[in-house]
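Here's the structure, in structure tokens; my notes come after.
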Amino acid sequence: MDRAVGEIAWRPPRACEDYWSEFRHCKSLKNCFHHYYTYGTVPSCQQWKEDYHNCREWEKHRGTEAKEALRRSEKIRVAEQRNFIPVWQLRQEPPRDWHVPLNQEKPQDS
Amino acid sequence: MDQTKQEEEYGYDLFPERKPGEHKKTSIAESLFTFNHKCQVMLQFAVETSPYAKLLLSAMKSSGCKVFKDRHFSCEDCDGTVSGGFDAASSQIVLCQNNIHQQSHMNRVVTHELIHAFDHCRAHVDWFNNFRHLACSEIRAANLSGDCSFTNEVARFNFGLKRHHQECVRGRALRSILAVRKISRAEAEKIVDEVFDSCFNDHAPFGRIPHSKRDAKFAYRDYMNRDRYYANL
């Protein structure tokens, strides 16, 4: 299937129901507890709710404001997940010997 | 290099069945009525039903390291109280059949070791010579596998609440390093401190710290949705 950039119509990165379920999950007592147990603070969940409303808004009126707000919010989430300097170098290819059968293994070949 | 020295230096003495070059064969009786059989059954259940395991297996497949149960998992008897390990030399996850007796424990060990395997698959991890790499993978495994959940810690009589998760991750990473490498506690602590911030915040492939099955299910949902997600950022 041909997929040139711009030819596929834009849609929200997640289904709107997913934003709502993330919001509900974020606000749950269990999650608040886990967040406090991990970070010592209560989580902030407002962004999920805003994203849900923007998602529904875009579905109804296809406005650029809602679309840009959603994209901005998700880009911040991605940046937050990448906010560290890796200790190791990522591979370009998987390890050569991952699939090598066991009885053919040579010890300490890497 | 002297084989015994090598075995001790890299923690292989904890896994006495891992002799290089040998492939163990089991009898039918052994297959059906032993810890080995129970281990195999629990492993099968874990890979089929645990959202943590399913996500890791998908991520590894996408990275070119498809996991085959018979090739990449091995149920063995181990020394002491160790529950499992990842042997980078043979690309195998070792499950200690004599020390894992509950399904929830199996799920956790499988997740923990799959995280090591995932790191091995996606990065140039120097397991044998670089302690920072080893520490990083142990921090990630303790952080993301559920090892340090509140209930697990309480069961170990480690009572703590505010930010206790991080303390637990540090402690367990330290323990894991000291179990398989001959370095001093002070040295190990220093290494863990150096890499902690980076590795604690590396949540791949989950995208979050999965504190519960619900978190893991949501993470799995996100992973399955990743094509749409990145295409529409």
For the stretch B:120-129, check the following and say yes or no: at least one residue is part of a loop (DSSP other than H, G, I, E, B), small (Gly, Ala, Ser) and either crowded, with 17+ Cβ neighbours inside 10 Å or out of contact with any strand residue (DSSP E or B) (no Cβ under 9 Å at 6 or more places or on another chain) (or both). no
Checked the stretch B:130-142 for anything in a helix (DSSP H, G or I) and out of contact with any Asp or Glu (no Cβ under 9 Å at 6 or more places or on another chain); matches are B:GLU138, B:ALA142
Where a residue in the stretch B:216-233 is facing another protein chain (nearest Cβ under 7 Å) and under 16 Å from A:CYS16 (Cα atoms) and its partner, wherever it lies, is part of a helix (DSSP H, G or I) and among the polar types (S, T, N, Q), with Cβ under 8 Å and at least six apart: B:PHE218/A:SER21
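Name the single residue that is surrounded by the most Cβ atoms within 10 Å (Cβ to Cβ) among those in the stretch B:130-159 being hydroxyl-bearing (Ser, Thr, Tyr) and within 18 Å of B:MET60 (Cβ to Cβ).
Within the stretch B:130-159, the first condition is being hydroxyl-bearing (Ser, Thr, Tyr), and the residues that meet it are B:137, B:145, B:149, B:151.
Cutting the leftovers down to within 18 Å of B:MET60 (Cβ to Cβ) gives us B:137, B:145.
Values: B:SER137: 28, B:SER145: 25.
The selected residue is B:SER137.
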Among the residues that make up the stretch A:49-61, is at least one of them outside any helix (DSSP H, G or I) and free of Cβ contacts under 8 Å to residues at least 60 places away in the same chain? no
Matching entry among A:THR38, A:THR64 (being farther than 30 Å from B:LEU134 by Cα and over 15 Å from the mean Cα position of the chain (by Cα)): A:THR64
In the stretch B:132-157, anything within 12 Å of chain A (Cβ to nearest Cβ) and either farther than 21 Å from B:ASP197 by Cα or among the aromatic types (Phe, Trp, Tyr) (or both) is listed as B:PHE150, B:THR151, B:ASN152, B:GLU153, B:VAL154
For the structure I just gave you, tell me whether B:LEU174 is assigned to a loop (DSSP other than H, G, I, E, B) and more than 13 Å from the chain's Cα centre (by Cα). no
Among (1) over 30 Å from B:ARG226 (Cβ atoms); (2) small (Gly, Ala, Ser); (3) modelled with pLDDT of 85 or more, the one test that B:ALA29 misses: (3)
Would it be correct to say that B:SER212 is within 11 Å of chain A (Cβ to nearest Cβ) and of a type in the set (Gly, Ala, Ser)? yes
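Results for (1) assigned to a loop (DSSP other than H, G, I, E, B); (2) in the same structural domain as B:ALA142 (by TED's automatic domain parsing); (3) at pLDDT 95 or above; (4) more than 19 Å from B:PHE206 (Cβ to Cβ), shown as yes or no for each residue.
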residue	(1), (2), (3), (4)
B:CYS39	no, no, yes, yes
B:LEU57	no, no, yes, no
B:LYS61	no, no, yes, no
B:CYS75	no, no, yes, yes
B:THR81	yes, no, no, yes
Checking B:VAL110 against (1) farther than 23 Å from A:ARG82 by Cα; (2) part of a loop (DSSP other than H, G, I, E, B), only one condition comes out false. Which one? (2)
Scan the stretch B:193-207 for residues that are among the charged types (D, E, K, R), facing chain A (nearest Cβ under 8 Å) and free of Cβ contacts under 8 Å to residues at least 40 places away in the same chain and jot them down. B:ASP197
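The values are calculated or read from the model by the stated rules, or taken from the named source; none is laboratory data. Nothing here was measured: the structure is a model prediction, and the numbers come from that model. Neighbour counts run over all protein chains shown; Cβ positions are idealised from the backbone, glycine included.
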